[in-house]
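The values are calculated or read from the model by the stated rules, or taken from the named source; none is laboratory data. Not measured: the values here are computed from a predicted model. With ideal geometry, Cβ positions are generated from the backbone for all residues, glycine too; neighbour counts draw on all protein chains shown. What goes into the accessible areas is simple: the full protein's heavy atoms, side chains included, and nothing from ligands, DNA or RNA. Shrake-Rupley method; radii C 1.70, N 1.55, O 1.52, S 1.80 Å.
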Amino acid sequence: MSLAEFPVRSQFVPFAPPLIGEEEIAEVVETLRGDWLTTGPRTRQFQAEFADTFAAPAATAVSSCTAGLHLALAALGVGPGDEVVTTTLTFCSTANVVEHVGARPVLVDVEPDTLNIDPAAVERALSPRTKAIVPVHYCGHAVDLDAIQAIADQHGVAVIEDAAHAVHAKYKGRWIGSSPNLAAFSFYPTKNMTTGEGGMVTGAPDLVERVALLSSHGMSRDAWKRFDRAGSWRYDVVAPGFKYNMTDIQAALGLRQLDRLGAMQARRRQLVARYDAGFKGNDQVQTPTERPEVESSWHMYVLRINLETLTIDRDRFFDEVKARNVGLSVHYIPVHTHPYYADKYGYRPGDIPVANENFERMVTLPLSPKHTDDEIDYVVEAVTDVLRQSRR
Ligand SMILES: *Cc1c(COP(=O)(O)O)cnc(C)c1O
């Protein structure tokens, strides 16, 4: 492999830079000049606007998606002796929170096209101890919710959606977040919209209310009301809750990001089309799919390389593309192969074969509404150069 014939860009192409405008900056500054920094009027407004945008029955803002998933499990009373079925091809926090409540994550395989949790595998994994199913809308492509819901209803278990990737995604014309299931969204800086760190939980009003209560120490009254002119100093602790609230500084960012979301999503889709066109007809790669009933939020562009056409493996491929000044990543190291889970539950990599085989051949390419056409074209050229030079 040689870099000699390839014009390497001097400027690094970042992986997923956030797109923050002057409006966000102004709103944060205005918050800082005011009298209320933590959970307050801006958080209320952000919750209301988020719920309105995605037709959510109710919404409550939290400190992260991980916190939201933890709260969802706690709100549903999942605990020791219980099992929670989820995908192995996810960020570790999806499974970690199940450990936090003392339950067991039962990790299952994915479908080969979307890499989303396989409903048939979910069905096989159910036991009398199963309390919840946690599907992840991988890369923003909605899971087959009707199939998952049918299984859940038949067995009387809850569905909690890990919607970290799925802001602005649709399934059969319905927004993710519009169902009565608890769904947790992420506003981590690499996600489709950001509050620096933060998350939102949507779902049926009674469940969301329980999540909100547990996100604020289990106090029955909102702290910000206590300090209001109309508020009372008294509060009741009705559960040993957590400290998982969102601040008004974060919500200030979120409000102005929400204004920009439609345009950011349109731009994301343009860039995805650019990647698709760039790799069209290339027998050395497999580009991501979008099923007809789904509108993906295109959180990430995961390219799968056809290893049998190459003399190198994914790790070498990754390094070669990176050497061309491209910031890329891999999503995800299957949870069952992490030492904690492998040791505790005795998983071997091949036990969950589709996820494992696809992990070995995937790279996530840079994708953000902040990227220019030139940057995306350059990434295609860099990837294509490595593929060409390593053709078997
Ligand atoms: C990012 C992510 C999370 C965690 O989100 P945070 O807001 O960082 O806690 C959970 N699940 C998935 C699939 C994610 O990608």
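Return a yes/no flag: does the range 307-317 have any residue that is closer than 30 Å to Ser216 by Cβ and either in a loop (DSSP other than H, G, I, E, B) or open to solvent by 60 Å² or more (accessible area, probe 1.4 Å) (or both).
Let us first name the residues in the range 307-317 that are closer than 30 Å to Ser216 by Cβ, namely none.
No.
Filtering the range 158-193 to residues that are near the ligand (Cβ under 9 Å from one of its atoms) and not in a loop (DSSP other than H, G, I, E, B) leaves Asp162, Ala184, Phe185, Ser186.
Take the residues in the range 112-143 that are assigned to a loop (DSSP other than H, G, I, E, B) and within 16 Å of the ligand (Cβ to nearest atom), then tell me which one is nearest to Ile176 (Cα to Cα). Working first, answer last.
Going residue by residue through the range 112-143, those that are assigned to a loop (DSSP other than H, G, I, E, B) are 112-116, 118, 126-129, 135, 137, 141-143.
In the following step, the residues that additionally are within 16 Å of the ligand (Cβ to nearest atom) were identified as 114-116, 135, 137, 141-143.
Working: Thr114: 16, Leu115: 18, Asn116: 15, Pro135: 12, His137: 9, His141: 10, Ala142: 8, Val143: 10 Å.
That would be Ala142.
Sub-9 Å Cβ pairs linking a first residue in the range 285-296 that is farther than 24 Å from Glu360 by Cβ to a second residue that is open to solvent by less than 30 Å² (accessible area, probe 1.4 Å) and in a strand (DSSP E or B), at least 6 apart or interchain, are Glu293/Tyr171; Val294/Tyr171; Glu295/Tyr171, ordered by first then second residue. Here the helices (runs of 4 or more DSSP H) wholly within the range 9-110 that include at least 3 residues being acidic (Asp, Glu) and more than 16 Å from the ligand (Cβ to nearest atom) are 22-33. Among residues of the range 194-209 being touching a Leu at 6+ places or on another chain (Cβ under 7 Å) and open to solvent by 10 Å² or more (accessible area, probe 1.4 Å), the one that is farthest from the ligand (Cβ to nearest atom) is Leu207. Among the residues of the range 329-363, those identified as closer than 30 Å to Val380 by Cβ and either within 15 Å of the ligand (Cβ to nearest atom) or open to solvent by less than 20 Å² (accessible area, probe 1.4 Å) (or both) are Ser329, Val330, His331, Tyr332, Ile333, Pro334, Ala355, Asn358, Phe359, Met362, Val363. Restricting the first member to the range 244-269 and to residues that are touching a residue at least 24 places away in the same chain (Cβ under 8 Å), and the second to residues that are aromatic (Phe, Trp, Tyr) and open to solvent by 10 Å² or more (accessible area, probe 1.4 Å), the beta-carbon pairs closer than 7 Å and six or more apart or on different chains are Asp248/Trp36; Arg268/Trp298; Arg269/Trp298.
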